[in-house]
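The values are calculated or read from the model by the stated rules, or taken from the named source; none is laboratory data. Computed from a predicted structure; not experimentally measured. Here the Cβ positions follow ideal geometry from the backbone for every residue, glycine too, while neighbour counts run over all protein chains shown.
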Amino acid sequence: MEPAMAAVTRGPPGRKPLTAGDERFFLIASAIMVMVVAAGFLTLLLRGISTFAAPWPVHVHAVLFMGWVGFFMMQVWFATTGRVRLHKRLGWIAAVYMPALLIVGALILFRMMRNAAVPPFWTYSYFMVMNLMSLLAFAALAIAAIAWRRQTQWHRRLMFCAMTALVITPVNRLMPDAVLAQYMSFGSSVAILLFPLSGMAADWLRDRRIHPAWFWGLGALILTGLATELVGRLPLAGSLVTLVTAGSPGAQIDPFVQHLPPR
């Protein structure tokens, strides 16, 4: 085999040849990400925290977000197995899907706060900022990925990092209760950085250089985590909680106090 062809994997006739390594990384890493999401949801079911008897808005939220996870994995599969035309044709669905995710995600967050249904490990101010920053990071990185859609290496890395921003919630669900009680989502914010860091490592091992898109994605995720830790403890966040929960059971909750069950 010629050296120039050593890194090429032939697909079925009529398909674009695949470059081994880059596609393999994104396919495997994205599958792991999806498994983390599924494991987080399954953990809540097994612990009896989530139930199929939940109110309909919760089901709409769950179906919408799990549908996005499935769409993301399908797009990764198409892009990494030579079905690039189909990937591009379906990609515009994201332009419609993303606003729905953001709106429903924010509405469900505010609904939880107003119903005094925020899990006890988080203060209301921290929980609100964490979720809003996650949605903001996802939106910013996904929009950037769409803008750079003609630059494949930028597009796939930015979209991968955008999806990583949403994974903080499933990772929270997998964290031990004691860690959440002590640090809230700090551990999860650090843990999700393993996704872009693994991509940077894969780039370095394969090409001895790291694509700059990783630094932008990693920086956005780090900034999101820092903003959660800082802004989530500011009086401004408490004021926003008061505004959101006004006239509801959630208004009776101190926005800066965890409501942990007695030991």
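Of note:
- Here is the figure for segment 170-201: residues that are closer than 20 Å to Arg157 by Cα and either modelled with pLDDT under 95 or out of contact with any Lys or Arg (no Cβ under 9 Å at 6 or more places or on another chain) (or both) total 11.
- Filtered residue count, segment 224-250, keeping only those that are surrounded by 14 or more Cβ atoms within 10 Å (Cβ to Cβ), among the hydrophobic types (A, V, I, L, M, F, W, C) and without any contact (Cβ under 8 Å) to a residue 24 or more places away in the chain: 0
- Only one of Val179, Val190, Val257, Val171 that is out of contact with any Pro (no Cβ under 6 Å at 6 or more places or on another chain), more than 15 Å from Leu132 (Cα to Cα) and assigned to a loop (DSSP other than H, G, I, E, B): Val257
- Count - residues of segment 69-87 that are assigned to a helix (DSSP H, G or I) and among the charged types (D, E, K, R): 1
- Being at pLDDT 95 or above and not charged (D, E, K, R) holds for only one residue in Ala7, Ala20, Ala29, and it is Ala29.
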